[in-house]
Amino acid sequence: ACTGIENIDEAITLLEQNNWDLVAAINGVIPQENGILQSEYGVETLHGPAYGPSSHSPAASSTPSSSSAFRHVVPSRQIVERQPRMLDFRVEYRDRNVDVVLEDSSTVGDIKHILENELQIPASKMLLKGWKTGDVDDSTVLKSLHLPKNNSLYVLTPDLPPPSSSHSGALQESLNQNFMLIVTHREVQREYNLNFSGSSTIQEVKRNVYDLTSIPVRHQLWEGWPPSATDDSMTLAVSGLTFPCHRLTVGRRSSPVQTREQSEEQCTDVHMVSDSDGDDFEDATEFGVDDGEMFGVASSALRKSPMMPENAENEGDALLQFTAEFSSRYGDCHPVYFIGSLEAAFQEAFYGKARDRKLLAIYLHHDESVLTNVFCSQMLCAESIVSYLSQNFITWAWDMTKEANRARFLTMCTRHFGSVVAQTIRTQKTDQFPLFLIIMGKRSSNEVLNVIQGNTTVDELMMRLMAAMEIFSAQQQEDIKDEDEREARENVKREQDEAYRISLEADRAKREAQEREMAEQFRLEQIRKEQEEEREAIRLSLEQSLPPEPKEESTESVSKLRIRTPSGEFFERRFLASSKLQVVFDFVASKGYPWEEYKLLGTFPRRDVTQLDPNKSLLEVKLYPQETLFLEAKE
């Protein structure tokens, strides 16, 4: 009733843009002077009568019925003025986007003025497009266009030449695109789906078609090239091909001297290429050589070198040649091939720690397959495939072109994977190559998860690699868990063994210490016994050497000595006064107190008798007629 909008879809769209706020939606559509606001007392009209069902009619607006939808109310309080509405514009110009935020009271010219400062383009040269109401002029007020909050516009500058940087950016984007060429071989009615990057030249396409159809480039008769494709050195990006898919037809150009029977005979088998075919030599000028060079070294350069030598004795040397030839044909961006035998590849992929194990990818090459060139250049050398293989796979390769190499691989396959897998590969036709085998190592055997044929796409190849990786990851997590549990058990056992070993060493060390202590005690005891025996022998010898004790009634002068031991015991003896002091020392030593360890002290006066001359007599040292002496151990 307010806006006159009768389309329910348009009304719902406006409500959704305003988050289902009825008042905001109406204010965004009707002119501001007739807008409405939600006050504290309900819906109030502002600056004039409200819109009714026929509000767009001047006659109807003056009738009483025009106020039937929203009655004119004069509030008792001051009416809240409407805030300006902000509009957001995303303006696109070539490869740039500019965000502009303005009030709805601004004009289209204000937007151009802002863009003039941002894009450095005069406003007079701009055509601002994208208005839902059609073209507008610079003086148009934005609120009169009833725009939603978010808007998208674009700028055209037909009077200005396109900048070179933008052109080069678009060209670079085209060079990075992949074109699908559906080439129909007219004589045999066979289609080839070939993927080429935009940077490939028309000449490269024709040479690839020569590999598929055996029609030399100069004898190829094409239909379907755009009129702009006038030079074979032109890239596909600038040739005018339809992106992403373009259809072409190729046939053999008839020669004046060639009969129909010859033509039919040549078309019988498009895959057979004879080294003696005269067309090969006629086409030599396309490679920059003359006829004389074709019969020399240059002729061998045109034929591809084998990917792998036949009957190679060492698999590592064969893989080195395979990698070098693969790089020369398809560039350096390719999977990193494992150099070594298939058994060594198994060891690298499957027999390390569970966390370090990987899937094994076996690439089986075949030069005679029509899919080989496309599979290698477009799929196997794609950066995403190369990166994924290098992170999650060990990649091993083999060339199945030569029969000897094929038989050798089938023997290896039977030995490692069983006869079923070998038979599956043996029954593959040449045009089904190349093959990509995904192998997962298990505890007791090796399982072939997937056999991918050459007729696939990059996305499908990636999906199948990822699917195999999911199966492998689940198995790897189980192996990691089992390995961790086994290592935990082994760690506990090692710790127990180490503790037992330390305990044994401690016991042995303790036992050895005890034995050493006992041996030392025994040795000391032996020394002590020997010393005691020696001392006893000395004592006995001294005791036997002593002169006899004189009797009391002896007529000679006799000195009576009383000697006190350190333990408090006393022993007495009579000596002749003429006896030497040494006799007293020998007597004391015979009692177990050698003068080397003890000293003999006198009482009055206190003196050390052992310091006296032992050759003097007792009379001379004044130990006559009697004396009390005591023994004291020397320090």
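The values are calculated or read from the model by the stated rules, or taken from the named source; none is laboratory data. The shown structure was predicted, so the numbers you read here are calculated from the model rather than taken from an experiment. Every residue, glycine as well, gets a Cβ built from its backbone with ideal geometry; the counts of neighbours run over all protein chains shown. To get the accessible areas, we keep the full protein, side chains included, count just its heavy atoms, and leave off ligands, DNA and RNA. Shrake-Rupley method; radii C 1.70, N 1.55, O 1.52, S 1.80 Å.
Worth pointing out:
- Model label sites at K616 and W222, defined 7 Å from Cα along the beta-carbon direction, differ in position by 14.4 nm.
- With θ taken as phi - 60° and the Karplus curve 6.51 cos²θ - 1.76 cosθ + 1.60 applied, the whole-hertz 3J(HN,Hα) list for segment 324-337 is 5, 5, 4, 5, 5, 7, 10, x, 7, 7, 8, x, 7, 7 Hz, x standing for glycine and proline.
- Note on segment 486-515 and segment 106-120: Cα centroid distance 86 Å, given to the nearest whole angstrom.
- Inter-label distance, nm, simple model (7 Å from Cα along the C-beta direction), E383/E343: 4.1
- Under the Debye formula (equal points on every Cα, no solvent term), log10 I(q)/I(0) of segment 555-599 at q = 0.24, 0.34 Å⁻¹: -0.90, -1.31
- Near T184: Cβ cut-off under 15 Å, other residues only, Lys/Arg at +1 and Asp/Glu at -1. The net charge is +2.
- Rolling a 1.4 Å probe across the protein heavy atoms gives segment 173-252 an accessible surface of 46 Å² per residue.
- Close amide-amide hydrogen proximity is noted between E310 and no other residue 5 or more places distant or on a separate chain, at a cut-off under 5 Å (H modeled in the peptide plane; Pro and chain starts excluded).
- All-pairs alpha carbon distance profile, segment 558-633, 5 Å steps from 0, percent: 4, 17, 32, 31, 14, 3, 0
- Close amide H pairs (under 5 Å, H built 1.01 Å from N) link F630 with R564, L601, residues at least 5 positions away or on another chain.
- Highest to lowest packing among 21-29, 142-150, scored as the average C-beta count within 10 Å: 21-29, 142-150
- Taking only protein heavy atoms and a 1.4 Å probe, the accessible area of segment 558-633 is 49% carbon and sulfur.
- Note on K353 and E6: the model spin-label points, each 7 Å out from Cα along the C-beta direction, lie 7.8 nm apart.
- Unsatisfied cross-links (Cα-Cα over 19 Å) in the set K560/K580; K551/K599; K358/K442; K442/K493; K551/K591; K442/K481: K551/K599; K442/K493; K551/K591
- Taking amide hydrogens as placed 1.01 Å from N in the peptide plane, the amide H of Y598 sits under 5 Å from those of K634, each at least 5 positions away in sequence or on another chain.
- Backbone HN-Hα couplings from phi across segment 375-382 [Karplus 6.51/-1.76/1.60, Hz, Gly and Pro as x]: 4, 5, 6, 9, 9, 5, 9, 5
- Separation between Cα centres of segment 581-635 and segment 363-394, rounded to whole Å: 116
- Rounded to whole Hz, the Karplus (6.51, -1.76, 1.60) HN-Hα couplings of segment 339-351, x for glycine and proline: 9, x, 6, 5, 4, 5, 5, 4, 4, 5, 8, 10, 10
- Additional length obtainable on full extension of the chain from R415 to E103, 0.36 nm per residue less Cα span: 104.4 nm
- Sparse-neighbourhood loop sites, chymotrypsin sites (Phe, Trp or Tyr not before Pro) in segment 327-416 - DSSP loop, at most 12 other Cβ within 10 angstrom: Y351
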